[in-house]
Each structure stands twice: as C-alpha cells, then as structure tokens.
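**Student:** Got a structure for you, questions after.
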Amino acid sequence: MTNEFVKVAKKSEVPDNGVKVFSVQGRRVVVCHVEQSFYAVADLCSHDNGPLGEGELFDHQIECPRHGARFDIKTGKALCLPAVTPIPAYPVEVRGDDIWINLSVQVGSEAKN
C-alpha cells in the first residue's frame, strides 16, 4: 500500500451530519460529515466487528448499532463500553468538491489496524 491519498467521493455524496460507507482499497470505510468537516474511520466496531456505518452519528462520535459502543471519529478512540479498543481513523483531505483518504496512515496514536 502506498503512502498516498485516494479519491473516495464527492462532498455531496455524504449528507450533512451524516455518514456513508465506501469501499476503499478493499476496505470498508465510513466517511462522516460534521460541521463542514469530513472524517474517515473503519466500518468495523472493535467490540464485535459490527458495521459502524449503520450506526448513528452524534456530534464527533459514531455509535455501533449492535451494542451501543461509541467511537471518536477524529481519533478512533473507544469512548464507552462494551468497546475498549480503538478503531482505525484515517486522514482526510478535501480537494475542491472531492474527498480523499489515506489508508496507509492512521490518525491518533491509539488507533491500531
């Protein structure tokens, strides 16, 4: 995997204060749109591998729809039980109307792949 950003979507594809799941380099990634900013995390709850993209977004937190674990979308940090392990959070760049993500780098020192 290269240390480069890849184009994932148009900004208009991710609803305001919402999420959308994309397949990026063979991985499912949740792109979150909060307060005119975009964030990207793995679409996989660290508690039970649930699909985070089906969960609800609360400010800068995404909640797993299975058991209510919450994660910080900026860092991937697990914020409440039952999850204790962080999830990968990826750098995002907005270039014009396009959203770019770098999967070879993780945001925050706590996130592990």
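The values are calculated or read from the model by the stated rules, or taken from the named source; none is laboratory data. Note that the structure is a prediction, hence the values are computed from the model and not measured. Every residue, glycine among them, receives a Cβ derived from its backbone with ideal geometry; neighbour counts consider all protein chains shown.
**Student:** Has segment 58-69 got any residue that is in contact with a strand residue (DSSP E or B) (Cβ under 9 Å, 6 or more places away or on another chain) and under 17 Å from F5 (Cβ atoms)?
**Tutor:** no
**Student:** If the Cβ limit is 7 Å and pairs must be 6+ apart or interchain, which residue in segment 70-97 that is on the phi > 0 side of the Ramachandran plot pairs with which residue that is assigned to a loop (DSSP other than H, G, I, E, B) and modelled with pLDDT of 95 or more?
**Tutor:** Close Cβ pairs (under 7 Å, with a partner that is assigned to a loop (DSSP other than H, G, I, E, B) and modelled with pLDDT of 95 or more) amount to G76/P86; G76/I87; G76/P88.
**Student:** Taking segment 1-45 as the region of interest, how many residues are more than 16 Å from G96 (Cβ to Cβ), of a type in the set (G, A, S) and modelled with pLDDT of 95 or more?
**Tutor:** 4
**Student:** Cβ-Cβ below 7 Å, separation at least six or inter-chain, first residue in segment 1-25 and under 16 Å from D43 (Cβ atoms) and among the polar types (S, T, N, Q), second loosely packed, with under 14 Cβ neighbours inside 10 Å and at pLDDT below 95: which pairs?
**Tutor:** Listed by first residue and then by second, the contacts come to Q25/M1.
**Student:** Can you give me the ranges of the strands (runs of 3 or more DSSP E) entirely in the chain with at least 1 residues that are surrounded by fewer than 19 Cβ atoms within 10 Å (Cβ to Cβ)?
**Tutor:** The qualifying strands (runs of 3 or more DSSP E) are 6-10, 18-24, 27-34, 37-42, 56-58, 61-63, 92-95, 98-101.
**Student:** Find the residue count for segment 46-91, including only residues that are in contact with a Ser or Thr (Cβ under 8 Å, 6 or more places away or on another chain) and under 20 Å from Q36 (Cβ atoms).
**Tutor:** 1
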